[in-house]
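Presented below is the structure to which this report refers.
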Amino acid sequence: HKALLQRGMRWGALHGIGVASQLLGAVLAIALLLTTAIGYWALAVQALAAAALQTAMLWVASGWLPSRVRDWRAARPALGFGLYLTAFGVVNYLHRYADNILIGWRLGAADLGHYSRAYTLMSLPLQVVNGPAGTAVIAALSRLQSRK
């Protein structure tokens with residue numbers, strides 16, 4: 001659903017849903033803190049509620065409803081691509097965090113904390129530029145792809 005909104009370049013809806021879901025999750029967490037003895041678990045409730053609310057709002061905003069697959073032969077290329085993408089994601093995750101595992105194992109938590117903060121500081125400018133630009137470029141190119 002989010003991908004459909006991105007492809008349609010409906011940035012206002014996407015960002016509005018993101019902000020609204022976080023705000024509603026925060027309001028729920030604050031309400032729980034004030035009315036119950038849940039304590040710091042309110043942060044977990046906030047994260048889960050924000051994710052659930054965002055999913056529901058994206059579902060409504062996109063207008064697309066999934067249906068049963070009628071022809072599995074036609075779905076096979078998409079399933080193959082999804083399997084490839086999942087495998088790539090797992091390998092990429094292991095590759096990106098292997099250094100953290102090794103540093104934490106060999107040097108300890110304090111050195112891992114210093115390394116983690118330094119790495120985040122180094123990669124922040126790249127993320128600030130690539131995140132929004134990548135989202136807009138991928139959406140534009142996916143729209144152009146169907147024009148053949």
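Rule-based calculations on the coordinates, nothing more; no lab input. Keep in mind the model is a prediction, meaning the values are calculated, not measured. In this analysis, Cβ positions are derived from the backbone assuming ideal geometry, glycine residues included, and neighbour counts consider all displayed protein chains.
Brief remarks on what is shown
- Using all pairs of distinct alpha-carbon atoms, the Kirkwood hydrodynamic radius of the range 44-125 works out to 17.2 angstrom.
- Spread of Cα-to-Cα distances over 5 Å intervals beginning at zero, given as percent, for the chain: 2, 8, 9, 10, 14, 18, 16, 12, 7, 3, 1, 0
- Theoretical gain in end-to-end length, Trp11 to Tyr119 [0.36 nm per residue, Cα-Cα removed]: 35.9 nm
- Taking every Cα-Cα distance in the range 11-90 and sorting them into 5 Å bins starting at zero, the pair-distance distribution P(r) comes out as 3, 14, 14, 12, 12, 16, 12, 8, 5, 3, 1 percent.
- Rounded to the nearest 20, the size of the Cβ-charge dipole of the range 12-148 about its Cα centre is 660 debye, with Lys and Arg at +1 and Asp and Glu at -1.
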